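Presented below is the structure to which this report refers.
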Amino acid sequence: MNKNNSNAQKTPLLTHLVAGGTAGFMEACTCHPLDTIKVRMQLSRKAQRSATGRNLSFLGVGARIVKNESFWALYKGLAAVTAGIVPKMAIRFSSFEMYKGLLADENGVTSRTGIFFAGLAAGTTEAIAVVAPADLLKIRLQAQRNSLSDPMDIPKYKSMPHAFVTIVKEEGIRALYKGVGLTALRQATNQAANFTAYQELKKQARNFQKVDELPSYQTLVIGGISGAMGPLSNAPIDTIKTRIQKSVSLTGSGWERFKQVTTEIYTKEGFRAFYKGLTPRVLRVAPGQAVTFVVYEKVKSWIDLFTDKVQPLTG
């Protein structure tokens, strides 16, 4: 039997909660500025240009944000992200292991196809439970172009709680779930690609080296490679979702909003606009997943070690 599958099924939810929450917090603090730049690029109707007339790269957009709004503007919306990190990561890892167990054969081994569908289901679960409302609050905060260095430049949303109250008051509670279908599709494809690539690369590396556990630097590399798969496969979905969540004027059903935004992007900005912000998204998600898997595996191993030491004392 595959040792990894057997261990994963015995891991309690609390371990996933602590290890996943810690990993998510570290990932958010490390990579959030790149997410802010990505959102600004996706929301821009025209290519952002420098003083010389050249299109700004993602680094150029970041430099402009810092110059006009201060360095801390890169961390707009971070509270919305960190507030959802613990439940999101707990749901992601615990639901993935649950779905993987349900799809395992009589020997407890899950096939590559089973892992793919387990990741698909885990991504959908986390999107509906946590990611959709947190994402909308984050995007509304990131989209504000006020200067944090100017106390007289007062933004509409002062904080995550204020944004939550304002949006619910002005637009209704359902507004928090604008773009939930696309969010679920993005998260599902992200985690399907992410977990499938991670589990397969990890399995191949262990088999090649004939070891049960990989060193952290290898987990870091594997996590980075697997993390890049999602953004490369679903960039248009993420751009459309971001536009829908940012808008306060779109009406109609989710499908009607999807058609309206998609048509507007294509007719006014061209096909390439669907891939705006792809570079910072890959540069944010790939290292973010690398950090997440390294911290998750390390914290989980510490908890397992601690539990193994405590059990004989309490048994």
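The values are calculated or read from the model by the stated rules, or taken from the named source; none is laboratory data. Bear in mind that the values here come from a model prediction, so they are computed numbers and not experimental data. Ideal geometry is used to build each Cβ from the backbone, glycine not excepted, and the neighbour counts take in all protein chains shown. Only protein heavy atoms, including side chains, enter the accessible area calculation; ligands, DNA and RNA are left aside. Shrake-Rupley method; radii C 1.70, N 1.55, O 1.52, S 1.80 Å.
A few comments on the model shown:
- The set of residues in segment 176-223 that are under 18 Å from residue 240 (Cβ atoms), open to solvent by 30 Å² or more (accessible area, probe 1.4 Å) and either among the aliphatic types (A, V, I, L, M) or in contact (Cβ under 8 Å) with a residue 60 or more places away in the chain (or both) comprises 180, 181, 185, 189.
- Candidate set: segment 145-175, residues that are in contact with a Leu (Cβ under 6 Å, 6 or more places away or on another chain) and either small (Gly, Ala, Ser) or touching a residue at least 60 places away in the same chain (Cβ under 8 Å) (or both); chosen: the one least open to solvent (accessible area, probe 1.4 Å): 163
- Residue list for segment 245-258, filter: within 24 Å of the chain's Cα centre (by Cα) and in a helix (DSSP H, G or I): 245, 246, 254, 255, 257, 258
- The listed residues are 103, 78, 59, and the only one of them that is at pLDDT below 90 and open to solvent by 40 Å² or more (accessible area, probe 1.4 Å) turns out to be 59.
- The residue that is modelled with the lowest pLDDT, counting only those in segment 264-281 that are open to solvent by less than 30 Å² (accessible area, probe 1.4 Å) and either in a helix (DSSP H, G or I) or β-branched (Val, Ile, Thr) (or both), is 280.
One line per residue, one yes/no per condition, for (1) modelled with pLDDT of 85 or more; (2) crowded, with 16+ Cβ neighbours inside 10 Å; (3) farther than 17 Å from residue 81 by Cα:
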position: 22; (1), (2), (3): yes, yes, no
position: 26; (1), (2), (3): yes, yes, no
position: 47; (1), (2), (3): no, no, yes
position: 63; (1), (2), (3): yes, no, yes
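- Residue count for segment 274-298, restricted to those that are over 30 Å from residue 260 (Cα atoms) and basic (Lys, Arg): 1
- Of all residues in segment 226-263, those satisfying the criterion of being of a type outside the set (Gly, Ala, Ser), in contact (Cβ under 8 Å) with a residue 12 or more places away in the chain and open to solvent by 30 Å² or more (accessible area, probe 1.4 Å) are 229, 232, 236, 237, 246, 248, 257, 258, 262.
- Only one of 261, 299 that is assigned to a helix (DSSP H, G or I), in contact with a helix residue (DSSP H, G or I) (Cβ under 8 Å, 6 or more places away or on another chain) and under 26 Å from residue 18 (Cα atoms): 299
- Taken together, the criteria place residue 118 among residues that are farther than 16 Å from residue 39 by Cβ, open to solvent by less than 10 Å² (accessible area, probe 1.4 Å) and either in a helix (DSSP H, G or I) or modelled with pLDDT of 90 or more (or both).
- Single residue of 168, 211, 180, 221 found to be farther than 30 Å from residue 296 by Cα and hydrophobic (A, V, I, L, M, F, W, C): 168
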